[in-house]
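*Asks:* This structure is in structure tokens; I'll ask about it shortly.
The values are calculated or read from the model by the stated rules, or taken from the named source; none is laboratory data. Given the structure is predicted, the values throughout are model-derived calculations rather than measurements. Every residue, glycine as well, gets a Cβ built from its backbone with ideal geometry; the counts of neighbours run over all protein chains shown.
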Amino acid sequence: MIPRRDFLKGGAATVAFSAGKKTFAGIYTKDQPVAYDEKSVILNGHRTLVTCGEIHYPRSTRAMWPVLLERSKALGLNMVATYVFWNFHETSRGNYDFTGERDLGHYLDLCQQKGLSVFLRVGPYICAEWNYGGFPPYLRDEPGITIRTMNAAYTARVEAFFHKLAAVVRPHFASNGGPVVLVQVENEYTNVAKRYGGEGQEYLRWIVELAKRVGLTTVPTTTCEGGAQGVIETSNGFTIPPERIAAVRKSHPGTPLLWTELYPAWYRVWGGRNPMPRDVREIAGAILDFVSRGGSGWNYYPWHGGSNFGRNPMYLQTTSYDFSAPIDEYGGITQTGVYLGQFHAFMQEHSSIFLEGYSSDSLDGEHRTTTWTKGSDQLLLVRGTDPKDARLLNGKGETLFDLNAVHSKVEHSYSETNWTTVPGGDEASSWTMWKESLPGVRQDKGVVSIEPIEQLLLTKDMTDYCWYSTMLLVAKAGAQEIVIPYGGDFFYVFVDDALVASSKLPLHEDRGAITPDDPVHPRVVANVSEEHHESGFRHAFTIPSLPEGAHRLDLLAVAIGMVKGDWQIASPMNFERKGIWEGVLFNGKPLRNWTMRAGLIGERSVSAPTKDENIWRATGTPQPLQWYRKQLAVPASLLSGSAVFRIDGNGLGKGMIWLNGKAVGRHWLIDASNAPETPSQRYYHVPSDWLRQSNELILFEEHAVLPTEVRLQVRA
């Protein structure tokens, strides 16, 4: 490791990247657009204090990208990070789409136009609270596959994807004059490393080498909480403790300290705890502490969270991914964003002394002072035990930036714009409805099997819904019990076409083992989360009373997103299951002779109901499994400006929302576990570019409710 004071002499070893060649140099030239050393990333010969924010292109729309990037630049970011979402681009096996809303190249072009560098996190695994952690669902069913380890079936598909991706993104690398200056491969591998052992470490080495072979390493390569050698190792967390910094310095000498994921709050799951936003002073204090220990760059995860449109979120993740981020779900700058904009201006103004100055620490009671010295200039950071209590002073002792004082000024001057109902958008009488057909009257024959077939084998994750139908023979009238030993994610139980039960709440994000124990292949516990909720896949239903004789049983299995990681199922991700996979017990005995039907009649294009106007009727008595439709008029004056829109889902139950044929996302008015009568999500972002003057809103509602309180709202 090179002593910090040696950097002042210009004698540090520096890794420089240009046209794919790695060299060592102490002098930075225009021929080396990206370099790094222990002190910092160096862009075009200049040490750079990386002020980065995560903005995921699939979680907003193409029309939103320019505004989001402009606002990010105005708030002091010099870099934007994004994952590459494999399953967003490989829409089916071997079929790739990089056009329209999936046009990653255009997104990178916009970043460059707005003066922002890019930190591209290519995966293949991304986590991100995204469906299947970014993997295409077909990957699960590749013969012989084990995901995220050195497995031939897995690495073959990763290699095919990386070749395709490299052709798209290489022109946008800094080595080719583009904005991409850093590339991350894999993601948080330490969470699963124990499970895969030596083969997992071989896989990490392989993925770094693959990135090099396909041309993804003409700029510096990183791993995030992964530990691969030959790359920059980065860190995640609400804070980065000193022991983590020491570990990175030891394992990856000569590389800069970068903070890949700095969380402004946390994500929400249906029925889980509603997390509180972090105090922005705490965020700024954590950054200052990191910089005082040699940190030279941080990335807000996320800077703009956005929305999980359609069926894109992971298991149990809400449609909103707002995350209490500095730029909110709709693209508006929050009070946190305003504060951080001022903080960034200060940090960049003094970046030279942070990155090139000699630093020393001193303790005075409960106060710690870090002093940076560069020539005759000094900068002091003074903080107490409370991370919000921090001030930056010059060498004369004059306060330059006080976390509390700036917060008071921002809080006093910031005001939020109120939401109002779009004129004419609240007539309850304008709703019409259509009843989804139960299996007993459907015309499709379905798939017949003695045992129930696991849902994803039937649906290929193209729908959340799958029917399982059979007959019950009740020997003695009275209460009856139905048990699904292993099932997911949520079930409705219909007997003789009547809804009699549904899965118990709450559901758990980490549910324990997804399959029974196998003594031949003992389970490896790789993460403490895997030991939670050992019976998280068991669903038991008591039917209060059934008369003697034969009865029709229909189970509607409802998926709520595929898992994002091993720990949610205590197994490799290729073990992911939906529906029923270990049979069904009726009063303790197995049920046989099943018929399965994938999907709902109405969702076959959201479509099917709208084609035939004769099937729509005026709303009447609410029943489960109904489709609702409403025409919405939006004044042209609202569409021509910068207004943003949302649907108020008050009064809804659970289901799906479409607007003008576009899937807004899953809805579920379920209370948060830590806030009774406060839902996990009530409001749903509708991008303004999806709207026109005349609009069609369609809801699928699983519960027996009427959508009479649903409104379209605007913030202008």
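*Asks:* Residues in the range 107-121: is at least one within 20 Å of residue 309 (Cα to Cα), in contact (Cβ under 8 Å) with a residue 12 or more places away in the chain and not polar (S, T, N, Q)?
*Replies:* Step one: list which residues in the range 107-121 are within 20 Å of residue 309 (Cα to Cα), which gives 107.
Filter once more, keeping what is in contact (Cβ under 8 Å) with a residue 12 or more places away in the chain: 107.
Imposing the further condition that a residue be not polar (S, T, N, Q) reduces the set to 107.
Yes, that holds for at least one residue.
*Asks:* Right, next: For the list (1) modelled with pLDDT of 95 or more; (2) farther than 18 Å from residue 420 by Cα, I need the number of the one condition that residue 711 fails.
*Replies:* (2)
*Asks:* Same structure again: Can you report the number of residues in the range 499-524 which are loosely packed, with under 13 Cβ neighbours inside 10 Å and farther than 22 Å from residue 673 by Cβ? Can you show your working first?
*Replies:* Of all residues in the range 499-524, those loosely packed, with under 13 Cβ neighbours inside 10 Å come to 504-505, 516-522.
Still in the list and also farther than 22 Å from residue 673 by Cβ: 516-522.
Within the range 499-524, residues that are loosely packed, with under 13 Cβ neighbours inside 10 Å and farther than 22 Å from residue 673 by Cβ number 7.
*Asks:* If you don't mind, there's one more thing I want to ask. Do we find a residue being assigned to a strand (DSSP E or B) and within 30 Å of residue 66 (Cβ to Cβ) anywhere in the range 401-409? Working first, answer last.
*Replies:* Going through the range 401-409, the residues assigned to a strand (DSSP E or B) turn out to be 401-402.
Retained after the next criterion (residues that are within 30 Å of residue 66 (Cβ to Cβ)): none.
No: zero hits.
*Asks:* Would you check which residues across the range 28-71 are in a loop (DSSP other than H, G, I, E, B) and charged (D, E, K, R) and list them? So that I can check it myself, show each step before the final result.
*Replies:* Within the range 28-71, the first condition is being in a loop (DSSP other than H, G, I, E, B), and the residues that meet it are 28-33, 37-40, 44-45, 49, 56, 60-64.
Listed by number, the residues that qualify are 30, 31, 37, 38, 39, 62.
*Asks:* With the requirement that a residue be assigned to a loop (DSSP other than H, G, I, E, B) and within 21 Å of residue 408 (Cβ to Cβ), what does the range 386-398 give you? Give the steps one after another, and end with the answer.
*Replies:* To start, the set of residues in the range 386-398 that are assigned to a loop (DSSP other than H, G, I, E, B) comprises 386-389, 395-398.
386, 387, 388, 389, 398, listed by residue number.
*Asks:* When residues of the range 618-657 are filtered for being surrounded by fewer than 20 Cβ atoms within 10 Å (Cβ to Cβ) and aliphatic (A, V, I, L, M), how many remain?
*Replies:* 6
*Asks:* Please go through the range 454-469 and pick out each residue that is buried (at least 19 other Cβ atoms within 10 Å of the Cβ) and either without any contact (Cβ under 8 Å) to a residue 60 or more places away in the chain or at negative phi (or both).
*Replies:* The first filter runs over the range 454-469 and keeps only residues buried (at least 19 other Cβ atoms within 10 Å of the Cβ), leaving 454-456, 458-459, 461, 464-469.
Of everything in the range 454-469, those that are buried (at least 19 other Cβ atoms within 10 Å of the Cβ) and either without any contact (Cβ under 8 Å) to a residue 60 or more places away in the chain or at negative phi (or both) turn out to be 454, 455, 456, 458, 459, 464, 465, 466, 467, 468, 469.
*Asks:* Pick from 338, 382: which is more than 19 Å from residue 291 (Cβ to Cβ) and not in a loop (DSSP other than H, G, I, E, B)?
*Replies:* Selected residue: 338, the only one of 338, 382 that is more than 19 Å from residue 291 (Cβ to Cβ) and not in a loop (DSSP other than H, G, I, E, B).
*Asks:* For residue 567, which of the numbered conditions (1) more than 24 Å from residue 196 (Cβ to Cβ); (2) within 22 Å of the chain's Cα centre (by Cα) fails to hold?
*Replies:* (1)
*Asks:* Within the range 646-672, track down each residue that is closer than 21 Å to residue 558 by Cα, in contact with a Lys or Arg (Cβ under 7 Å, 6 or more places away or on another chain) and assigned to a loop (DSSP other than H, G, I, E, B).
*Replies:* The answer is 649, 669.
*Asks:* Only one of these is surrounded by 14 or more Cβ atoms within 10 Å (Cβ to Cβ), at pLDDT 95 or above and over 33 Å from the mean Cα position of the chain (by Cα): 403, 380. Name it.
*Replies:* Details: 403 fails: over 33 Å from the mean Cα position of the chain (by Cα).
None of the other options fit; the residue is 380.
*Asks:* Separate question: For the structure I just gave you, tell me whether residue 384 is free of Cβ contacts under 8 Å to residues at least 40 places away in the same chain and in the same structural domain as residue 76 (by TED's automatic domain parsing).
*Replies:* Working: free of Cβ contacts under 8 Å to residues at least 40 places away in the same chain: yes; in the same structural domain as residue 76 (by TED's automatic domain parsing): yes.
Yes.
*Asks:* State which residue pairs qualify: first residue more than 21 Å from residue 606 (Cβ to Cβ) and inside the range 696-716, second residue of a type in the set (A, V, I, L, M) and in a loop (DSSP other than H, G, I, E, B) in any location, beta carbons under 6 Å apart, and separation of 6 or more residues or different chains.
*Replies:* Pairs found: 714/422; 714/643; 716/643.
*Asks:* Another one. Do we have residue 479 as part of a loop (DSSP other than H, G, I, E, B) and of a type in the set (Gly, Ala, Ser) here? So that I can check it myself, show each step before the final result.
*Replies:* Details: part of a loop (DSSP other than H, G, I, E, B): no; of a type in the set (Gly, Ala, Ser): yes.
Against the criterion (part of a loop (DSSP other than H, G, I, E, B) and of a type in the set (Gly, Ala, Ser)), residue 479 does not qualify.
*Asks:* Could you tell me which numbered condition residue 700 fails, if it satisfies all but one of (1) surrounded by 15 or more Cβ atoms within 10 Å (Cβ to Cβ); (2) assigned to a loop (DSSP other than H, G, I, E, B); (3) of a type outside the set (A, V, I, L, M)?
*Replies:* Failed condition: (2).
*Asks:* Can you name the number of the only condition in (1) touching a strand residue (DSSP E or B) at 6+ places or on another chain (Cβ under 6 Å); (2) buried (at least 17 other Cβ atoms within 10 Å of the Cβ) that residue 496 fails?
*Replies:* So residue 496 meets the others, but not (2).
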